[in-house]
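Heads up: the structure comes next, in structure tokens.
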Amino acid sequence: MGQKVNPYGFRLGVTTDWKSRWFSDREYTDYLIEDWKIRDYLMTQVPHAAISRIEVERTRDRLRIDVHTARPGIVIGRRGAEADRLRAGLTKITGNNKVQLNIQEIKQPELDAALIAQGVADQLAGRVAFRRAMKRAVQNAQKAGALGIRVQCSGRLGGAEMSRTEWYREGRVPLHTLRADIDYGFREAKTTYGRIGVKVWIYKGDILPYKQTAEDKIAREAAMAVGETSGGQPRKVVSSAARPRKADGTPEELVEATPLLKEADPELEKLLDEEETIARQTRQGHETPHFRGDD
């Protein structure tokens, strides 16, 4: 009937893990609002940092925040100044002096649904044709090794008076299979004629075995009880002390950030140009005319 389920919440506890890992009875509402404030603060303070997701973990009196980003240099800043400012702001929000801010780099942004959606939204805000942006995202994900991808845009596409939904799909995207590794992302493009919603689904393969055993669950809970990380594998954290530099010695955070959505192959770009030219020539004047007062 059209009721869609979030792929992340549908697989929660089966193949996906919680983005907020803590437990509380009395302070549940306070912690929940605090997690929302933390994510909203980080997303608004560094909007161009290409942040995919933010994980919050509480152990006893400590608070650990993992920021997964494709541009760690922007989040860290020069000599860690930006990271220190963000950490101070998080301390003020939470009232906890033991805030640990970990900045983790995403090696393949072409396979991250949230970053692809952000790249499409950025191009839509930059007046790029929505079909061109969507086809670029599909080709980049396929070249990166995705088994399937679906990109959907909803809103006043092309400045039309009536909003509509259009999508492109390549490969398999089995949304009803629990063991399927489906990455989902949603972003909004703020254009001059309204907001356009961008949704991306990426199928990366199956996760086997996809059900957690009782021993794994007990081990994860025991790790959290002693204040350690609940993840199975140790995570690589980008340190703010020693930032990598380019070949000419320029710090990475000073280099202009590359766009999240790269251009497609020259053949596809040429084909997209021809399609836009044909669409521009065959477009009919069906839009409502806008008259001025002196016309």
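Below are the figures for this structure:
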| item | result |
| --- | --- |
| Protection proxy ranking of 130-137, 194-201 - average other beta-carbon atoms within 10 Å, highest first | 130-137, 194-201 |
| Under-5 Å amide H pairs with Arg21, H placed in peptide plane, nonlocal only | Val56, Glu57, Arg58 |
| HN-Hα J in Hz across the stretch 54-62 - Karplus 6.51, -1.76, 1.60, θ = phi - 60°, x for Gly and Pro | 10, 9, 10, 9, 10, 10, 6, 9, 9 |
| The stretch 99-178 and the stretch 11-83: distance between their alpha carbon centers, rounded to Å | 23 Å |
| From phi via Karplus (6.51, -1.76, 1.60), per-residue ³J(HN,Hα) for the stretch 147-162 in Hz, x at Gly/Pro | 7, x, 8, 9, 10, 10, 10, 9, x, 7, 5, x, x, 5, 6, 10 |
| Packing-based ranking, highest mean first, of 142-150, 11-19 given that Cβ atoms within 10 Å are counted | 142-150, 11-19 |
| Calculated from backbone phi, Karplus (6.51, -1.76, 1.60) coupling profile of the stretch 72-89 in Hz, x at Gly/Pro | x, x, 5, 6, 7, x, 6, 6, x, 5, 5, 5, 5, 5, 5, 5, 5, x |
| Flagged links, alpha-carbon separation over 25 Å, of Lys37/Lys143; Lys4/Lys107; Lys4/Lys270; Lys37/Lys199; Lys37/Lys190 | Lys37/Lys143; Lys4/Lys107; Lys4/Lys270 |
| Spherically averaged projected area in nm², based on the convex hull that wraps the Cα atoms of the stretch 23-101 | 5.0 nm² |
| Rounded to the nearest 20 debye, dipole of the stretch 1-70 from Cβ charges on Lys, Arg, Asp, Glu | 200 debye |
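No value in this document is a laboratory result; all are computed from the given coordinates. Since the model is a prediction, treat every value here as computed from it, not as a measurement. Neighbour counts are summed over all protein chains in view; Cβ atoms, including those assigned to glycine, are modelled from backbone coordinates with ideal geometry.
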